[in-house]
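Peer 1: Here you go, one structure.
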Amino acid sequence: MAKEYDLLVIGGGSGGLAHAQRAAEYGAQAAVIEYGPLGGTCVNVGCVPKKVMWYAAETRHHLDHAADYGFDVDAHGHDWGSLKARRDAYITRLNGIYENNLDRRGVEHITGAARFVDPHTVAVGDERYRADRIVIATGGRPIVPDIPGAAYGIVSDDFFTLGERPQRVLIAGSGYIAVELGGVFNALGSDVTMVVRKDGVVRSFDAMLGEEVMQAMRDNGIRIDTRVIPAGVEKQGDGLYMNSEDGRRFGPVDCVLWAVGREPNSDSLALDAADVETDGGGFIPVDKYQQTNVEHIFAIGDVTGAQALTPVAIAAGRRLADRIYGKMEGRHLDYRLIPTVIFSHPPMGTVGVTEAQARAEHGDAVKVYLSRFTPMYYALGDKKQATVMKLITAGDDERIVGCHVIGDGADEMMQGFAVAIRMGATKKDFDDTVAIHPTSAEEFVTMR
């Protein structure tokens, strides 16, 4: 006989946990099914351990400027193994915190892989669980290309298992994962080559950001080869080699990292048994209320093919619980104007549309403001790193529709500006805001 619940959540990542806990706060009897450690990609092999590694890389960059401020500091290498041990211990503590949070809210944690038996029932091993509503929050996984020798490479998940830092690294990819992990390897001492399929990196972002971050990476010593389509990987006595479709050969390297995209964790769920539809890529389409084609089955997070960001999954999960269990009629996540940051070196942030998108939608009603400057942090030394900002406005009232920045502090300053832009701020609103001086962020409110 199946055990009965009000709610079953398949997936113990950020979105699934947020939904289950919010539903339980409203009184729902809920359970989370997860086969791995709680926290999903973000906590275990994503945002959190990545940010730890970014902090390590930033520390190395700051050491380059220590002498500018009177410090006599020598960096005697970097202990990758020690950092990994501390990072792993931190993640283990977080896993325990997530477990305690479920316990405090009365949410049952079921360990194992779930598969549908019928639209209201899932199986975990030999056990059956039935619920009035089921939420699919199984996330995604890195793609390994279907080419000869691809198994010689690693993916982002494997990056966090490396016990030692490889000296020679080849990264295939141009998105945020490739840029972020390439920056970490480079700052901590690896020789990094990136190969990208087109002419640049992070092409879904404003062109200004892509151009600036690619130049910054090259300035930091990262080699970037464009128009490269991987055709295969070979293992030789002196390392790994990657061959491209146009005949170019890259190597030897000690590590090939695939950062060529992600795919949904949906193939093991037996969705056909629940009549849940997927698209050609295995993603689960949902409406604005996160509802699948089956009335009582919902999906949130990366498995839906929406913006693959942890705060997006959390927000969608909480709003879904608010609507269903908190009786907030019509509550749902608005996927417009979602801010995001890439933890490159320097970091970059964005909210709203790109300049190309703005011009396509608003035509001649678009006005663009740009600012390029060297932050005061670099005033005392010879090595400089520019900050570049762009505001995109539309209409006679110059409503801000896009805000983009690359430079030190971009990750922290973007959150506040995202609030203003979501509230409909205009260029005049920015102009009328008194600057905080001396900061980089003040440039956003002093542009002419």
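Peer 1: Using amide H atoms built in the peptide plane, which far-off residues or other-chain residues are under 5 Å from Ala231 H to H?
Peer 2: Asn243, Ser244, Glu245
Peer 1: Could you tell me which of the pairs Lys367/Lys428; Lys367/Lys390; Lys390/Lys428; Lys288/Lys327 are separated by over 21 angstrom between their Cα atoms in the structure shown? If you can, show how the numbers build up before the last one.
Peer 2: On the way: Lys367/Lys428 13 Å; Lys367/Lys390 10 Å; Lys390/Lys428 15 Å; Lys288/Lys327 17 Å.
Beyond 21 Å between Cα atoms: no listed pair.
Peer 1: Loop-only GluC sites (Glu not before Pro) in the range 323-378, please: DSSP not H, G, I, E or B, and at most 12 other Cβ atoms within 10 Å.
Peer 2: Details: sites: Glu329, Glu355, Glu361; in loops: Glu329.
For GluC sites (Glu not before Pro) across the range 323-378 that sit outside H, G, I, E and B with at most 12 neighbouring Cβ atoms in 10 Å, the list reads Glu329.
Peer 1: List, in order, the whole-Hz ³J(HN,Hα) value for each residue of the range 2-15 obtained from phi through the Karplus relation with A = 6.51, B = -1.76, C = 1.60 and θ = phi - 60°; use x for Gly and Pro.
Peer 2: 6, 7, 9, 9, 6, 9, 10, 10, 9, x, x, x, 4, x
Peer 1: Continuing with the same structure: Placing +1 on the Cβ of each Lys and Arg and -1 on the Cβ of each Asp and Glu in the chain, which of Met328, His78, Pro252 has its Cα farthest towards the positive end of the resulting dipole?
Peer 2: Of the candidates, Met328 comes out farthest on the positive side.
Peer 1: Using +1 on the beta carbon of Lys and Arg, -1 on that of Asp and Glu, and nothing else charged, what's the dipole of the chain about the Cα centre, debye to 20?
Peer 2: Details: 46 positive and 62 negative charges, 43 e Å.
In total the dipole reaches around 200 debye.
Peer 1: Hey, if we sort Phe283, Phe444 by accessible area with the 1.4 Å probe, largest down, what's the order? All intermediate terms of the calculation are to be shown ahead of the outcome.
Peer 2: Working: Phe283 50, Phe444 0 Å².
Highest to lowest solvent-accessible surface, that is Phe283, Phe444.
Peer 1: For Tyr5, list long-range residues whose amide hydrogen, built 1.01 Å from N in the peptide plane, is under 5 Å from its own amide hydrogen.
Peer 2: Arg130, Ala131, Asp132
Peer 1: While we're looking at this one, here's another question. For the chain, with a Gaussian network of springs between Cα atoms less than 10 Å apart, report the residue from Gly237, Gly317, Gly153 with the top mean-square fluctuation.
Peer 2: Judging by the Gaussian network model, the answer is Gly237.
Peer 1: Here's another thing I want to ask about it. Compare Lys50, Lys235, Lys390 in a GNM of the chain, Cα atoms joined below 10 Å, and give the one with the largest fluctuation.
Peer 2: The residue with the greatest mean-square fluctuation here is Lys235.
Peer 1: Taking θ as phi - 60°, what are the ³J(HN,Hα) couplings along the range 129-144 by the Karplus curve (6.51, -1.76, 1.60), each to the nearest whole Hz, with x for Gly and Pro?
Peer 2: 9, 10, 8, 5, 9, 10, 10, 9, 9, 8, x, x, 9, x, 8, 10
Peer 1: Separate question: Taking amide H positions as placed in the peptide plane 1.01 Å from N, state which residues far from Val353 in sequence (5 or more) or on other chains have amide H under 5 Å from it.
Peer 2: It is Gly402, Cys403, by chain and number.
Peer 1: Rounded to the nearest 20 Debye, what is the dipole magnitude of the range 1-140 about its Cα centre when Lys and Arg each give +1 and Asp and Glu each give -1 at the C-beta?
Peer 2: Details: 15 positive and 18 negative charges, 56 e Å.
That gives the range 1-140 a dipole magnitude of about 260 debye.
Peer 1: Choose one answer from Ser174, Ser204, Ser266: the residue with the largest mean-square fluctuation in a GNM of the chain with alpha-carbon springs under 10 Å.
Peer 2: Ser204
Peer 1: What list of ³J(HN,Hα) couplings, whole Hz, do you get for the range 71-88 from phi and the Karplus terms 6.51, -1.76, 1.60, once you set θ to phi - 60° and write x for glycine and proline?
Peer 2: After applying 6.51 cos²θ - 1.76 cosθ + 1.60, I find 9, 9, 10, 10, 8, 9, x, 9, 8, 4, x, 5, 4, 4, 4, 5, 5, 4 Hz.
Peer 1: Another question, then. Which one of Gly40, Ile314, Ser190 is farthest out on the positive end of the charge dipole of the chain, using unit charges on Cβ (Lys, Arg +1; Asp, Glu -1) and the Cα centre as origin?
Peer 2: Of the listed residues, the answer is Ile314.
Peer 1: Counting other Cβ atoms within 10 Å of each Cβ, which trypsin sites (Lys or Arg not before Pro) in the range 272-362 have at most 13 and sit in a DSSP loop? Before the final figure, lay out each step's value.
Peer 2: Details: sites: Lys288, Arg318, Arg319, Arg323, Lys327, Arg331, Arg336, Arg359; in loops: Lys288, Lys327, Arg331, Arg336.
Filter output for the range 272-362: Lys288, Lys327, Arg336.
Peer 1: Taking Cβ-Cβ under 4.7 Å as the only way to count a partner, pick out the unpartnered cysteines of the chain.
Peer 2: By the Cβ distance rule, which asks for a partner under 4.7 Å, the isolated cysteines are Cys255, Cys403.
The values are calculated or read from the model by the stated rules, or taken from the named source; none is laboratory data. Just so we're clear, the structure is a prediction, and the values are computed from it rather than from any experiment. Heads up, the Cβs are rebuilt from the backbone with ideal geometry, glycines too, and the neighbour counts pull from every protein chain shown. In case anyone asks, the SASA skips ligands and DNA or RNA and just uses the protein heavy atoms, side chains included. Shrake-Rupley method; radii C 1.70, N 1.55, O 1.52, S 1.80 Å.
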